1. What do you get for chymotrypsin sites (Phe, Trp or Tyr not before Pro) in the stretch B:31-107 restricted to DSSP loop and a cutoff of at most 13 other Cβ within 10 Å of the site's Cβ?
2. If a/c stays under 1.5 just call it rounded; otherwise compare a/b with b/c (prolate if a/b is bigger, oblate if not). Do that for the stretch B:137-179, with a ≥ b ≥ c from the square roots of the Cα gyration tensor eigenvalues.
3. At 1.567 mPa s and 4 °C, plugging the Kirkwood radius over alpha-carbon pairs of the stretch B:5-354 into Stokes-Einstein gives what diffusion coefficient in µm²/s?
4. Starting from the stretch B:297-358, pick out the trypsin sites (Lys or Arg not before Pro) whose DSSP state is loop and whose Cβ has at most 14 other Cβ atoms within 10 Å.
5. For chain B, what is the calculated [θ] at 222 nm in deg cm²/dmol (nearest 500), taking -39500 (n - 2.57) for each run of four or more DSSP H residues and dividing by its residue count?
6. Taking the Cα centre of chain B as origin and charging only Cβ (+1 Lys, Arg; -1 Asp, Glu), how large is the dipole, in debye to the nearest 20?
7. Using 7 Å Cα-to-Cβ label points, what is the B:TRP10/B:TYR103 separation (nm, one decimal)?
8. So what does the Cα-only Debye profile of the protein assembly as shown read at q = 0.12 Å⁻¹, as log10 I(q)/I(0), no solvent term?
Amino acid sequence: MKNKNNYFGILFQGLSSLGVGLKTTMKEFFTKKITEQYPENRNELQMFDRFRGALTMPHNADNEHHCIACGLCQNACPNGSIRVVSEMVETEDGKKKKQLLRYEYNLGSCMFCQLCTNACPHDAIQFSNEFESAVFDRNKLIRTLNNPGSKVATKKS
Amino acid sequence: MFDFSIVTNWIHQWLLSLMPQGWAIFTECVAVGIGIILLYALLAIILIYMERKVCAAFQCRLGPNRVGPWGCIQVICDVLKMLTKEIFTPKGVDKKLYNLAPYMILLASFLTFACLPISKGLEVLDFNVGVFFLLAASSIGVVGILLAGWSSNNKFSIIGAMRSGAQIISYELSAGMAILTMVVLSGTMQISEIVGMQTNGWLIFTGHIPAFVAFIIYLIAGNAECNRGPFDLPEAESELTAGYHTEYSGMGFGFFYLAEYLNLFIVAAIAATVFLGGWMPLHIPGLDGFNTIMDYIPGFIWYFGKAFFVVFLLMWMRWSFPRLRIDQILSLEWKYLVPISMINLLVMALVVTFGWHF
């Protein structure tokens with residue numbers, strides 16, 4: 001190694017580095033190919049977890065979501081794709097509380113920056129893996145995310 | 001081993017019974033020419049398909065797989081597309097040279113292609129200085145490249161052609177030297193005799209270390225001579241658009257493309273002939289049963305198998321390494337490959353003189 005810069009040192013160093021390159025590509029030659037043949041494997045296609053398809057609001061079995069209608073997502077959205085329609089109701093113990101009426105999300109103007117899900121304090125909204133969102137009418141892209149008749153999940157005490 | 005000269009002699013006798021000798025030879029020449037052109041086109045299609053698939057596999061992709069089963073009709077579609085394109089002549093080109101250049105390149109690769117011993121008795125050109133002729137004929141290609149670059153009236157073309165000229169002329173030297181090493185070992189320049197020498201073991205095994213070094217040097221120099229792999233700076237898409245064939249369209253470009261792939265095959269086939277025994281089956285001295293089983297596999301299968309194996313090696317090299325700069329290419333050739341192949345030639349001469357080979 002002391003003669004690293006002389007003629008033969010450089011020669012053998014170069015040869016070994018070429019060998020490393022050849023080994024790497026040969027390993028790649030036999031690895032499983034990552035190409036997804038989309039329309040054929042539509043049924044078994046698994047998108048990766050972090051893929052941002054469309055915004056969704058998960059509901060549990062009792063048709064409850066976690067949205068408290070605080071409107072942080074609406075403020076965070078740079079494109080104004082989110083509109084939170086809420087109303088003020090008075091609870092049994094006399095407190096005033098905001099309640100979600102409609103959560104409107106416009107997929108057409110969403111740029112999938114994920115600022116809304118980051119802003120959400122209750123993790124009420126998240127991006128799904130669904131990506132086949134082509135429609136013939138732009139109005140169909142405006143989605144209401146909360147299910148009809150759903151209510152906010154009560155905190156477990 | 002089936003001798004194809006029985007078939008060719010039978011055809012010759014049959015033609016002689018129909019017509020005088022001059023006409024018979026003329027008919028045979030035409031038939032052989034058509035055969036070579038057909039084989040040439042077929043091999044080009046196979047090679048382009050193989051290149052796309054192998055390249056895809058090295059890049060963790062699948063490659064063409066939509067047109068036909070496994071995408072095998074893709075290349076044929078590409079050929080048809082290229083045939084229907086307009087042949088466009090840009091303003092200010094030297095028309096005569098511009099139109100001549102693709103044919104020069106094709107001529108060179110046809111001439112070398114005719115030297116290849118495909119099977120026993122299936123050599124088209126086979127005479128006592130065959131290897132020498134082969135090297136000389138393959139050098140005509142550089143004339144075509146220089147003509148194409150010069151006549152195109154385009155700065156990219158001329159730069160590409162000049163680089164290609166410098167590169168091919170330099171690497172011809174070490175490729176020639178590597179083959180010369182094997183000529184020293186086999187003691188003949190006739191291609192059929194070189195193949196015949198290897199009945200009891202291919203030259204890369206009988207010549208052991210110097211033969212192996214020559215094989216490696218030949219692969220590097222061969223890759224450089226086809227303007228491929230890490231040595232593709234005459235074409236250097238990122239800087240020279242397409243190098244010397246920038247201005248060609250339609251089949252003019254098609255000829256360059258064809259010749260590029262066939263030169264790849266020719267380099268591989270020469271390596272297969274000189275180092276890996278041509279059509280000669282794998283014989284291990286002493287194992288007679290094994291040798292007779294190997295003899296049942298026809299020669300041309302051995303030949304194409306070996307040639308495509310070497311083609312795969314060359315593609316492996318091409319898709320592994322990044323492109324070299326022109327000064328790096330020249331220093332690799334003149335400071336490393338030429339001295340090493342000269343010493344290698346000397347070692348081989350000593351090995352042959354003292355009988356150290358098998």
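All of the numbers you see were taken from the coordinates with simple rules; none came from a lab. Please read these numbers as outputs of a predicted model, since none were measured by experiment. Backbone-built Cβ (ideal geometry, glycine too); neighbour counts: all protein chains shown.
1. Loop-located and lightly packed - B:PHE88.
2. On the way: a/c = 5.78, a/b = 2.25, b/c = 2.57.
It comes out oblate by the Cα gyration axes.
3. Answer from the Stokes-Einstein relation: 60 µm²/s.
4. Counting only loop positions with at most 14 other Cβ atoms within 10 Å, the trypsin sites (Lys or Arg not before Pro) in the stretch B:297-358 are B:ARG325.
5. Details: 16 runs with 244 residues, N = 358.
My calculation for chain B gives -22500 deg cm²/dmol from helical runs alone.
6. Approximately 840 debye in magnitude.
7. 3.8 nm
8. Values returned for q = 0.12 Å⁻¹ are -1.14.
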